[in-house]
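Asks: After the structure tokens below, expect a handful of questions from me.
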Amino acid sequence: MKQTFTFFATGLLILLCSFQSDKKVSLFNGKNLDGWVIHGTELWYVEDGLLICESGPDKAYGYLSTEKYYDNFELTVEFKQMANGNSGVFFRSTFEGTRVSGWQVEVAPPDHDTGGIYESYGRGWLVQIPNEMENILKMGEWNQMKIRVVGGHVTTWLNGTQMVDIEDEKIAEGKGAIALQIHDGGGIKVLWRNLEITEL
């Protein structure tokens, strides 16, 4: 009887752990930037329940990263580009000031590979999207990006359409945070909402 109970308790614990690991959580509380770290002098603020990034007077690169590191996950975010809109979603990334080591899923103006994967201060573009898929981005409207990272396997979707799917040994070795970017050059404003992650 005791042995049976032990097996039952062990099975229940495994089930509970599995349930917890598959739980979707929000990275943004809609009120403030708790759980995030600002890198640089560009503007990050909350307004009407939205997370907003905007170029500041320095017109430099800026980042907003999670305090927590994430390894394997599925992340969904919604974004609306109000101006130039050159931004991005970084994963497994670390920072020294505004110098980032990691990988970016591009969020950019039309015809600039939104959904492609770029390695900053490294190999550059790992994969760009096909030209015939550039019309999937809705400039000035709400878009949904989904990013799935498991080991070195990365898949991205934009508005329900798969954009890229790659396997990369260097990504597999990476550790770090999730982050949003403001590109340099000024004139950028992007709205964000519904940033939700499921750890895998």
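The values are calculated or read from the model by the stated rules, or taken from the named source; none is laboratory data. Small disclaimer: the values here were computed from a predicted structure and weren't measured. Every residue, glycine as well, gets a Cβ built from its backbone with ideal geometry; the counts of neighbours run over all protein chains shown.
Asks: Give me the pairs, please: first residue somewhere in the range 55-66 and within 14 Å of G35 (Cα to Cα), second residue anywhere and surrounded by fewer than 16 Cβ atoms within 10 Å (Cβ to Cβ) and at pLDDT 90 or above, beta-carbon distance under 6 Å, and either six or more positions apart or on two chains.
Replies: Correct list of pairs: L64/I38; S65/V37.
Asks: Also, I was wondering about something else. Given the criteria within 22 Å of V154 (Cα to Cα), surrounded by 12 or more Cβ atoms within 10 Å (Cβ to Cβ) and at pLDDT below 90, does N72 qualify? Write out each step before concluding.
Replies: Working: within 22 Å of V154 (Cα to Cα): yes; surrounded by 12 or more Cβ atoms within 10 Å (Cβ to Cβ): yes; at pLDDT below 90: no.
It is false that N72 is within 22 Å of V154 (Cα to Cα), surrounded by 12 or more Cβ atoms within 10 Å (Cβ to Cβ) and at pLDDT below 90.
Asks: Among the residues of the range 160-178, is there at least one that is closer than 17 Å to G40 by Cβ and surrounded by 22 or more Cβ atoms within 10 Å (Cβ to Cβ)?
Replies: yes
Asks: What are the residue pairs meeting all of these: first residue in the range 182-200, first residue in a strand (DSSP E or B), second residue modelled with pLDDT under 90, Cβ atoms under 7 Å, and 6 or more apart or on different chains?
Replies: Between residues of the range 182-200 that are in a strand (DSSP E or B) and residues that are modelled with pLDDT under 90, the close pairs are K189/A83; V190/G85; T198/D22; E199/S21.
Asks: Oh, and also: Among (1) out of contact with any Asp or Glu (no Cβ under 9 Å at 6 or more places or on another chain); (2) outside any helix (DSSP H, G or I), there is one condition A172 misses while meeting the rest; what is its number?
Replies: So A172 meets the others, but not (2).
Asks: For residues that are at pLDDT 95 or above, charged (D, E, K, R) and either assigned to a strand (DSSP E or B) or in contact with a Phe, Trp or Tyr (Cβ under 7 Å, 6 or more places away or on another chain) (or both), tally how many sit in the range 33-57.
Replies: Of the residues in the range 33-57, 1 are at pLDDT 95 or above, charged (D, E, K, R) and either assigned to a strand (DSSP E or B) or in contact with a Phe, Trp or Tyr (Cβ under 7 Å, 6 or more places away or on another chain) (or both).
Asks: Test each condition in (1) over 14 Å from the mean Cα position of the chain (by Cα); (2) within 17 Å of L195 (Cα to Cα); (3) surrounded by 15 or more Cβ atoms within 10 Å (Cβ to Cβ) for W142 and report the one that comes out false.
Replies: Looking at each condition in turn, W142 falls short on (3).
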